[in-house]
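K.L.:
First the structure, then my questions, so here it is.
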Amino acid sequence: MIEFKQVTKKYDHGVIALDNISLKIEKGEFVFLVGPSGSGKSTFLKLVIKEEDPTSGNININSRDLSKLKDKDVPYLRRKIGFVFQDFRLLYDKTVAENIIFALRVIEASEREIRTQLSSVIKQVGLEGKENSYPNQLSGGEQQRVALARALATRPPIIIADEPTGNLDAVTAKGIMDTLYEINTKGTTVVVVTHDQNIIRASNKRVIALDKGKIVSDTKTGGVM
Amino acid sequence: MKTSTYLFKQGYENLKKHGSKTFTTMLIICATMIVLGIFLILVENVNKNVKTVTEGQGLQAFVSDDYLDDENIQQIARKLKDVENVKEVIYLDKDDAFEDAKSTLKEYAYLLDGLEKSNPFPASFIVKFDKLEGTEDVKETIETIDGIYKVGYNETILNAVMSVADIAKVAFFGIGTVMIVISIFIISNTIKLAVYSNKREIFIMRYIGATNKFIRRPFIVEGTLMGLGSAAISWVLVSLGYIAIYARLPKIGSTLGVFGFAPYSELWFVVLIAFILLGVILGMLGSSLAIKKYLKA
Ligand SMILES: Nc1ncnc2c1ncn2[C@@H]1O[C@H](COP(=O)(O)OP(=O)(O)O)[C@@H](O)[C@H]1O
Ligand SMILES: [Mg+2]
């Protein structure tokens, strides 16, 4: 589903954010991506959605070589990947429902599809009754649920979350993680960047650790390297 | 709400949000349009005058005295009518030419006294054109016809009118281009405000998988609305202005040789179409320019 082959990413000022990374994430897997700040986690995610291009190496998403993807096809790649940010990135002048509808309009969904998907994702993330609230009227956990609902609305086969619980307390964080696990059991591939050791320890999922742009351990391919 | 309604609403709301800036921008677009509109009306009027003058003018093909029998005259007339771009052929026999000369000379007509018998004035055909372009070709063709020994043509008047038309056209394109560039720049700046205040939306849209086309659309709608609004205002102003001063202007064709103006009924459509096209083009180019930076994949 997601395959990196000897991928190196060097930024303009010479910073090597990823250094010769190779890994494979299968369809339906749940993966934690961990590592200290600046270790290249966000860069990894940006390469997956082709917001950045690798300096060298190859990336395949759904068996498609991203280097061969034309600019005009990038939006269609992104529709296959739901992205969740640490700071939610909601539109604060729109209600919960409108934020979700916004995503569906972006992918030019039909009115009918918008209606059915809206109620389905609201239920999936447990936001029933909050449809007409504005983000500012919600708790952090609820706001992240809105972001999650927005990412799910377009039914992407992959969900990527960059420190989704970074701004949340432990209890709320657990709630968000439970929702992500549940999404995963329904077949969606999930990649979560996190710092939270409690969350990782409480799960038995694959953990890939980065440091200074290198994979230092991967619980699937043989524990600590 | 349908997607198209949604887009329209977005575009309109962007316009409202930056109301005063939108107003100034439209004022500048209107100024551009009105200046271009005035030029367009002038050029149209010059063209119409050129047409009238040319139609009145025509060529004069002189017939040798050896070809004045009916058969030859009829043959020459037929050949002339067959030439492309010839609208009408009028025969002036030697007597007509003599009378013509007398009336041209007015009080000096006595100079011709005693010449009636020998009549030195040649018979001729007045050849009128369909259109102004290619009259040189008509002249060359006519010169080759048997029995025609000379083809004349009031080149001075025609050339003067043509050069006025050319100057008006060059000025139209020159000033027009400058004003259009300025307008595009100003529209683009105004739409940049809207783009800027929607930066967050655009950012999120790109992550969700919006195509560039989709992101661009509300801004294009906004720009086009501005352009069309300005077109409507400019058209009303220009129309009222022309109608108001038309009464005091010399009318086209009323006095030969004097520049005259056409009634607005012959101009309003050209002006309207020009303004609409200009509005759409200005709006679309201005907004495309404004959003360009935010669309890199
Ligand atoms: N757009 C960028 N331009 C230049 N350097 C960058 C850019 N983005 C990230 N970096 C650098 O790349 C390294 C990895 O960053 P990042 O992938 O954000 O790490 P993480 O998400 O693990 O904290 C850091 O040294 C960071 O400063
Ligand atoms: Mg990061």
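The values are calculated or read from the model by the stated rules, or taken from the named source; none is laboratory data. Since this is a predicted model, take the numbers as computed values, not measurements. Cβ placement follows ideal geometry from the backbone for every residue including glycine, while neighbour counts extend to all protein chains displayed.
K.L.:
Restrict the check to the stretch B:253-262 and report whether at least one residue is in contact with a helix residue (DSSP H, G or I) (Cβ under 9 Å, 6 or more places away or on another chain), hydroxyl-bearing (Ser, Thr, Tyr) and in the same structural domain as B:Leu27 (by TED's automatic domain parsing).
P.N.:
Within the stretch B:253-262 (the criterion being in contact with a helix residue (DSSP H, G or I) (Cβ under 9 Å, 6 or more places away or on another chain), hydroxyl-bearing (Ser, Thr, Tyr) and in the same structural domain as B:Leu27 (by TED's automatic domain parsing)), the answer is no, since none of the residues qualifies.
K.L.:
Out of A:Ser110, A:Ser133, report the one residue that is of a type in the set (S, T, N, Q) and more than 13 Å from chain B (Cβ to nearest Cβ). Outline the logic, then answer.
P.N.:
Numbers: A:Ser110 fails: more than 13 Å from chain B (Cβ to nearest Cβ).
Exactly one residue qualifies, and that residue is A:Ser133.
K.L.:
Restricting the search to the stretch A:203-225, which residues are of a type in the set (A, V, I, L, M, F, W, C) and in contact with a helix residue (DSSP H, G or I) (Cβ under 8 Å, 6 or more places away or on another chain)?
P.N.:
Within the stretch A:203-225, A:Val207, A:Leu210 qualify.
K.L.:
Output yes when any residue across the stretch A:67-84 is within 18 Å of A:Met1 (Cβ to Cβ), more than 17 Å from the chain's Cα centre (by Cα) and loosely packed, with under 13 Cβ neighbours inside 10 Å, and no when none is.
P.N.:
Yes, because at least one residue in the stretch A:67-84 is within 18 Å of A:Met1 (Cβ to Cβ), more than 17 Å from the chain's Cα centre (by Cα) and loosely packed, with under 13 Cβ neighbours inside 10 Å.
K.L.:
Do we find a residue being away from chain B (no Cβ under 14 Å), within 16 Å of ligand 2 (Cβ to nearest atom) and touching a helix residue (DSSP H, G or I) at 6+ places or on another chain (Cβ under 9 Å) anywhere in the stretch A:175-184?
P.N.:
Checked the stretch A:175-184: no residue is away from chain B (no Cβ under 14 Å), within 16 Å of ligand 2 (Cβ to nearest atom) and touching a helix residue (DSSP H, G or I) at 6+ places or on another chain (Cβ under 9 Å).
K.L.:
Could I ask something else about it? Could you list, in sequence order, the residues of the stretch A:33-45 that are crowded, with 17+ Cβ neighbours inside 10 Å and either away from ligand 2 (no atom under 14 Å from the Cβ) or not hydrophobic (A, V, I, L, M, F, W, C) (or both)? Before you say what the answer is, go through the steps one by one.
P.N.:
Going residue by residue through the stretch A:33-45, those that are crowded, with 17+ Cβ neighbours inside 10 Å are A:33-35, A:39-45.
Selection gives A:Gly35, A:Ser39, A:Gly40, A:Lys41, A:Ser42, A:Thr43.
K.L.:
Looking at the stretch A:1-14, which of the residues that are charged (D, E, K, R) and within 11 Å of ligand 1 (Cβ to nearest atom) is farthest from the other protein chains (Cβ to nearest Cβ)?
P.N.:
A:Lys10
Table: residues versus (1) within 16 Å of ligand 1 (Cβ to nearest atom); (2) touching a Lys or Arg at 6+ places or on another chain (Cβ under 6 Å); (3) among the hydrophobic types (A, V, I, L, M, F, W, C); (4) farther than 25 Å from A:Ile107 by Cβ.
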| position | (1), (2), (3), (4) |
| --- | --- |
| A:Ile16 | yes, yes, yes, yes |
| A:Asp19 | yes, yes, no, yes |
| A:Ser22 | no, yes, no, yes |
| A:Glu26 | no, no, no, yes |
| A:Asn60 | no, no, no, no |
| A:Pro75 | no, no, no, no |
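K.L.:
So which of A:Arg145, A:Arg155 is more than 14 Å from every other protein chain (Cβ to nearest Cβ), charged (D, E, K, R) and either closer than 18 Å to A:Arg79 by Cα or crowded, with 21+ Cβ neighbours inside 10 Å (or both)?
P.N.:
A:Arg145
K.L.:
Within the stretch A:35-57, can one find any residue that is touching a Gly at 6+ places or on another chain (Cβ under 6 Å), farther than 22 Å from B:Met205 by Cβ, within 15 Å of ligand 1 (Cβ to nearest atom) and more than 9 Å from chain B (Cβ to nearest Cβ)?
P.N.:
yes
K.L.:
Among the candidates B:Phe23, B:Phe8, single out the residue that is farther than 18 Å from B:Leu272 by Cα and within 14 Å of another protein chain (Cβ to nearest Cβ).
P.N.:
The unique qualifying residue is B:Phe8.
K.L.:
To continue, here is another question. Being within 21 Å of A:Leu210 (Cβ to Cβ) and surrounded by fewer than 19 Cβ atoms within 10 Å (Cβ to Cβ) is the filter here, so list the residues in the stretch A:185-198 that pass it.
P.N.:
Scanning the stretch A:185-198 gives A:His195, A:Gln197, A:Asn198.
K.L.:
Based on this model, can you work out whether A:Asp87 counts as closer than 29 Å to B:Lys9 by Cα, away from ligand 2 (no atom under 16 Å from the Cβ), surrounded by fewer than 17 Cβ atoms within 10 Å (Cβ to Cβ) and within 14 Å of chain B (Cβ to nearest Cβ)?
P.N.:
The answer is no for A:Asp87.
K.L.:
Sticking with this structure for a sec: List every residue pair whose Cβ atoms lie under 9 Å apart, where the two residues are 6 or more positions apart in sequence or sit on different chains, the first residue falls within the stretch B:64-92 and is on the phi > 0 side of the Ramachandran plot, and the second residue, located anywhere, is assigned to a helix (DSSP H, G or I).
P.N.:
B:Asn85/B:Thr135; B:Asn85/B:Asp137; B:Asn85/B:Val138
K.L.:
Within the stretch B:196-222, which residues are within 11 Å of chain A (Cβ to nearest Cβ) and acidic (Asp, Glu)?
P.N.:
Within the stretch B:196-222, just B:Glu201 meets the criteria.
K.L.:
Looking only at the stretch A:187-206, filter to residues that are within 16 Å of ligand 2 (Cβ to nearest atom) and in a loop (DSSP other than H, G, I, E, B); which one of those is nearest to the other protein chains (Cβ to nearest Cβ)?
P.N.:
The residue in question is A:Thr194.
K.L.:
How do the helices (runs of 4 or more DSSP H) wholly within the stretch A:1-116 filter down when requiring 2 or more residues that are over 27 Å from A:Glu142 (Cβ atoms) and either of a type in the set (D, E, K, R) or free of Cβ contacts under 8 Å to residues at least 24 places away in the same chain (or both): which remain?
P.N.:
Per the criteria, A:74-78.
K.L.:
Evaluate the following for A:Ile107: is it at pLDDT 95 or above and either among the acidic types (Asp, Glu) or away from ligand 1 (no atom under 16 Å from the Cβ) (or both)?
P.N.:
In short, no.
K.L.:
Please determine whether any residue of the stretch B:16-33 is modelled with pLDDT of 90 or more and of a type in the set (Gly, Ala, Ser).
P.N.:
Yes, that holds for at least one residue.
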